[in-house]
Structure formats: C-alpha cells, structure tokens
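Undergrad: Handing you a structure now.
The values are calculated or read from the model by the stated rules, or taken from the named source; none is laboratory data. Computed from a predicted model, the values in this text were never measured in an experiment. Using ideal geometry, Cβ is built from the backbone for each residue, glycine included, and neighbour counts are taken over all protein chains shown. Side chains are part of the model used for accessible areas, which takes the heavy atoms of the whole protein and leaves out ligands, DNA and RNA. Shrake-Rupley method; radii C 1.70, N 1.55, O 1.52, S 1.80 Å.
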Amino acid sequence: MITVTGQKDTRSGFGDGIVEIARKNPDIVALTADLAGSLKLNQFIKEFPDRFIQCGIAEANMISIAAGMTIGGKIPYTTTFANFSTGRVYDQIRQSVAYSGKNVKICASHAGLTLGEDGATHQILEDIGMMKMVPGMTVIVPCDYAQTKAATIAIADYKGPVYLRFGRPVWPIFTSAMDFEIGKAQVFTDGKDVSIFACGHLVWIALEAEKILKEKGISAEIINIHTIKPLDTDAILKSIRKTGCAVSAEEHNILGGLGDSIAQTAAKNFPVPQEYVGTNDTFGESGTPAQLLEKYGLDAAHIAAAAEKAIARKNK
C-alpha cells in the first residue's frame, strides 16, 4: 500500500538532509556556485557559516576546491544545477575527483524536464550517462523528498565520489527514511506480467501507470532503481525472470541512462523484451513540468502503453 504523506520538492530533501548530517559530523562542508538559495542551503549557512564556501559562478573551481579539501579529511558537498554540476565541469570531475578517488559529493539539483520553464539549456538529460561512465563514481537518483533527504545523509559515510541527482518541482512524498539503502533497489508493487524499473520523479509516475494497467487486468511490478551505479542486478534479474519483459522509465535521454543499464544486465544474464520511456535523443524546451512530461512521452499513459507493448512482444 503506497501512502502519500504530503508534497515537497526533492531539493528541499537535500537542504534538510545536509543540515541534519552536518549537526552530527563536523567534517561536512558545503560549497556552492552562486546558487545557495536554489539548493536550499540557507539553514546550513545559518548554522554553519564557517563550513560554507561561496565559490561564485566558477563551477570548475568549486570542484577543484572540493577535491583539495578531502585531503584534509573534509567531506565536501558541491551544489549547483545538474547541468553545471556535470557538463560544465566534466574534466575536473574526471581528473581531480574520480581519478584519485576523492571523497567529493556532487549534489545536483534542477535535473531533467521538470526544471520546466527555464528551458532546454538548463534541462540536462544526459548527466546520468555521463556520470555513470566515470570510473568509481556512485550515481544516485532518489524519487521524492524523504528519499533525497535519506540519500543526502547516507552518502556522508559512503567513501568515494558520489553524484546525487534531484529536482525542482513539488512532488508527492511516498517513501520514508527507512526505504533507502545505497545500491539496494526498492520494490513498490509485486507483479507477474511486466517489470517497470524507474528512477527519480518517474517512480511516482510509474506507480500511476500501474493503476492504469491494473484496470486492464495487467499485473505490473514497480521497482525504484534509485542507485544507478552500483546497480542492484540481483533485484533486476529476480524481477525479469518472473515477468519475462521490462520497461525502463527515467527523466533522461534513453541513450546511456537507466534503461541502458537494465538492458545490459538483461542481455548478459536473461534477455527479455524491453521498452524505453525517456527522452529520445533530443533537448527539452520551456513549459510546465506536466506539459513537458506529456509531450516527451514520460507520463503515466506512455509508461502504461510501453508496458503493454513489452508484454505483446513477450507473447509473440
């Protein structure tokens, strides 16, 4: 039984989480590239002004500073929009952080189409692929406020570089802190006809799609793959061995994202028909989150249709 306890943006989960863990761990520091308000850092700054660094609009410098701070035992959380957290600083992440395994937590907000009216230049849809290909990088995409808060707290004790991706819009809260463990998939509904693997905001939409499918007599298994890397391959294989087909759903390009990780796991171990729900080799545009999710085929109706198509392929 899925219970909605309220609505809140996932970036607030990050803001509340970093304050909570900083109260317990004096090594936590926060850096931002002129976006402290957008990343909900105001309370952190109020409580820990000496552990906050305003880097200005200089994201590459922010990543390099963070890498250096780890040498002294600090646990730096870098903060800016997902577009600037990855595409603008990929060289610094690869060379200064990942290559030497620096304990930097790259916290990236305003990811995907649901950034909305800011448009294509800010709606990065390639970052999951970019970051999961970096050797040694852990990639986490939580689904709601509570899970983002839990992930923000958990990565403090997780050694090595982490990419934590979250978003801007107010979204249903339907998990609790007890639901999150790095690298462990979360099964929301048991099903026998199709496996639907989702991450981020698309987990809630997949749950809405499950209702559509249920009305048609289709039993869908909804699994939250909040950790893209390391991937919970055991959970994926257990599900597809039962259902025989899969759908991946993500607020990201279908090239290189969660869907490709699912497909690779299946291809190596238990090949099944799979349908992808995500953007298809395209940039976004300005619009409300709901308008964009519908236009680009990331809404509940499209997930349900993809599930029916995967089942039809299985039954051929």
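Undergrad: Going by a ≥ b ≥ c, the root eigenvalues of the Cα gyration tensor, does the range 124-255 fall in the rounded group (a/c under 1.5), the prolate group (a/b larger than b/c) or the oblate group?
TA: Verdict is prolate for the range 124-255.
Undergrad: Could you rank the peptides 216-223, 74-81 by their average count of other C-beta atoms within 10 Å per residue, with the highest value first?
TA: Going by the mean number of other Cβ atoms within 10 Å, highest first, we get 74-81, 216-223.
Undergrad: Sequence-distant or interchain residues sharing an amide H contact under 5 Å with Val277, placed H: which?
TA: Long-range HN contacts for Val277: Ser248, Ala249, Glu250.
Undergrad: Can you compute the FRET efficiency between Lys24 and Thr233 using 1/(1 + (r/R0)^6), with r the Cβ-Cβ distance and R0 = 35 Å? Round to the nearest 0.05. Don't jump to the answer; show the numbers that get you there.
TA: Numbers: r = 32 Å, r/R0 = 0.92.
After rounding to 0.05, the efficiency reads 0.60.
Undergrad: Further question: With +1 on each Lys and Arg Cβ and -1 on each Asp and Glu Cβ, how big is the dipole of the range 1-84 about its Cα centre, in debye rounded to the nearest 20?
TA: On the way: 8 positive and 8 negative charges, 31 e Å.
In debye, rounded to 20, the range 1-84 gives about 140.
Undergrad: Could you tell me which of rounded, prolate or oblate describes the range 40-192, using a ≥ b ≥ c as the square roots of the eigenvalues of the alpha-carbon gyration tensor, with rounded for a/c under 1.5 and, failing that, prolate when a/b is larger than b/c and oblate otherwise?
TA: rounded
Undergrad: Still on this structure, please answer the following. Give me the percent of DSSP beta bridges within the range 181-289 that run antiparallel, rounded to the nearest 5.
TA: In the range 181-289, DSSP labels about 20 percent of beta bridges as antiparallel.
Undergrad: Given charges of +1 on the Cβ of Lys and Arg and -1 on the Cβ of Asp and Glu, with all other atoms neutral, how large is the dipole of the range 82-228 about its Cα centre, in debye to the nearest 20?
TA: Approximately 420 debye in magnitude.
Undergrad: From the backbone phi of the range 220-225, what are the Karplus-calculated ³J(HN,Hα) couplings (6.51 cos²θ - 1.76 cosθ + 1.60, θ = phi - 60°) in whole Hz, Gly and Pro given as x?
TA: 10, 9, 9, 10, 8, 9
Undergrad: Expressed in nm², what is the orientationally averaged projection area of the convex hull enclosing the Cα positions of the range 109-178?
TA: 5.2 nm²
Undergrad: On a 0 to 90 degree scale, rounded to 10, what angle separates helix 10-24 from the longest Cα axis of the chain?
TA: Between helix and principal axis, roughly 50 degrees.
Undergrad: In whole percent, and with a 1.4 Å probe on the protein chains, what portion of the accessible area of the range 144-217 is carbon and sulfur? Walk me through the intermediate numbers first.
TA: On the way: 1460 of 2820 Å².
Summing carbon and sulfur atoms, their accessible area is 52 percent of the total for the range 144-217.
Undergrad: Now a separate question. With equal scatterers on the alpha carbons only and no solvent term, can you work out the Debye log10 of I(q)/I(0) for the chain at 0.08, 0.09 1/Å?
TA: Reported log10 I(q)/I(0), two decimals: -0.33, -0.42.
Undergrad: Can you figure out the FRET efficiency of Ala177 with Lys316, using R₀ = 51 Å and their beta-carbon distance, to the nearest 0.05?
TA: 0.75
Undergrad: Per residue, how large is the accessible surface of the range 216-260? Use a 1.4 angstrom probe and give square angstrom.
TA: Details: 1320 Å² over 45 residues.
Dividing the accessible area of the range 216-260 by its residue count gives 29 Å².
Undergrad: In addition: Work out the length of the dipole vector of the chain about its Cα centre, built from +1 on the beta-carbon of each Lys and Arg and -1 on the beta-carbon of each Asp and Glu, and round it to the nearest 20 debye.
TA: For the chain, the charge dipole is close to 720 debye.
Undergrad: Please find, in a Gaussian network model of the chain (springs between Cα atoms separated by less than 10 Å), the residue of Asn280, Asn103, Asn253 whose mean-square fluctuation is greatest.
TA: Of the options given, Asn280 has the highest mean-square fluctuation.
Undergrad: Shifting gears a bit: I'd like the antiparallel share, as a percent to the nearest 5, of DSSP beta bridges with both residues in the chain.
TA: Percentage antiparallel, nearest 5: 20.
Undergrad: Run the numbers for Asp34 and Leu255: contour at 0.36 nm per residue of separation, minus the present Cα-Cα distance, in nm. Display every interim value, and only then the final one.
TA: Values: separation 221, 0.36 × 221 = 79.56 nm, distance 3.09 nm.
Separation in residues times 0.36 nm, less the Cα-Cα distance, equals 76.5 nm.
Undergrad: Just the number please: accessible area per residue for the range 114-186, 1.4 Å probe, all protein chains included, in Å².
TA: For the range 114-186, the per-residue accessible area is 33 Å².
Undergrad: Whole-Å semi-axes of the range 1-102's equivalent ellipsoid, largest first, each the root of 5 times a Cα gyration tensor eigenvalue?
TA: On the way: eigenvalues 116, 57, 39 Å².
Result for the range 1-102: semi-axes of 24, 17, 14 Å.
Undergrad: Straight distance only, please: which lysines reach the Cα of Lys314 with their own Cα at less than 26 Å, same-chain residues fewer than 8 apart left out?
TA: Partners found: Lys192, Lys211, Lys214, Lys216, Lys238, Lys242, Lys268.
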